[in-house]
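Here, each number is a calculation from the coordinates, and none is a lab measurement. Bear in mind the structure is a predicted one, so any value in this text is a computation, not a measurement. Glycine gets a Cβ as well: all are built from the backbone with ideal geometry, and neighbour counts include every protein chain shown.
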């Protein structure tokens, strides 16, 4: 922006016919001498300005920029007077300060509007994620309550574990939307499957395939549970003999890849009822709110099975941490074998 301002000033003063690269360089140098100290002063004052009202912070910021502008332009005019052995040009300094004040006001106003827009977008994004997460409805609630009522008399210990699992589920559902470690998501998903196992018994089987070193990778909370709920309600629960839900978690090509596979009834033409479609769309919207267009979400039927594949980007720090942990595990295994 400073270079653009320098170009505008040179074109306004000299015109295109008498344009001088040397003059552009000098003007650009002076402008940078104003911009860089001003930015340093504002960065230093930022913690203090954050505690003030917008008007007060804006006035102090504008005054600080004007002070820097006056000092720099005053020094420039003073050195020029010494080199030319002429008197100090006070009117020239006043013109420079007035022009700089106008430009500073425009830039600060633009920065303020940009920050307001960013704050508004962040607030809307947070509200959107919170609204989407609140729409995750635990369909198993009433069945769980019935199971709890029947267990209290015959198996109090198991009933207590069921209450603890339900508390963990609802605590996660009502918590603020955030990114959580993968291991925490896995624990929550397994608690959900334990609750469903009370109703389905041996009909519900599960198989987890987790690549080592992924436990601390961050992903949106309450992501696995709705996918597993979909696999139970529209797959295993519809089969008299039940079935196995297979969950595969691996990292490849800088992405976390999640795959969930469940069997389907033979008479099912398309595994998408109204509730199923809403659940899948809800998950898509939540992922879009977190990752934009950097994720992949696919769901399809193949050979009597329903598969959901999710691919989430790994951030560089997470990928490096995963590689280091995987290397350490490999070294530890090699030492044990020796």
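Using 0.36 nm per residue of separation minus the Cα-Cα distance, give me the extension gain between residue 59 and residue 107 in nm, one decimal.
Length gained between residue 59 and residue 107: 15.9 nm.
Once you place label points 7 Å from the Cα toward the Cβ at residue 194 and residue 121, how far apart are they in nm?
4.2 nm
Hey, rough spin-label estimate for residue 208 and residue 19, points 7 angstrom out along Cα→Cβ, what's it come to in nanometres?
Result: 6.5 nm between the two label points.
If the chain between residue 84 and residue 302 were fully stretched, how many nm would it gain, using 0.36 nm times the residue separation less the Cα-Cα distance?
70.0 nm
Could you order peptides 162-173, 102-113 by the average number of other Cβ atoms within 10 Å of their residues, highest first?
With the highest mean Cβ count within 10 Å placed first, the list reads 162-173, 102-113.
Could you check the spin-label model distance between residue 39 and residue 294? Points 7 Å from the Cα along Cα→Cβ, value in nm.
2.4 nm
Note the full-extension length gain between residue 48 and residue 167 as 0.36 nm times their separation in residues minus their Cα-Cα distance, in nm to one decimal.
Residue separation times 0.36 nm, minus the Cα-Cα distance, leaves 38.6 nm.
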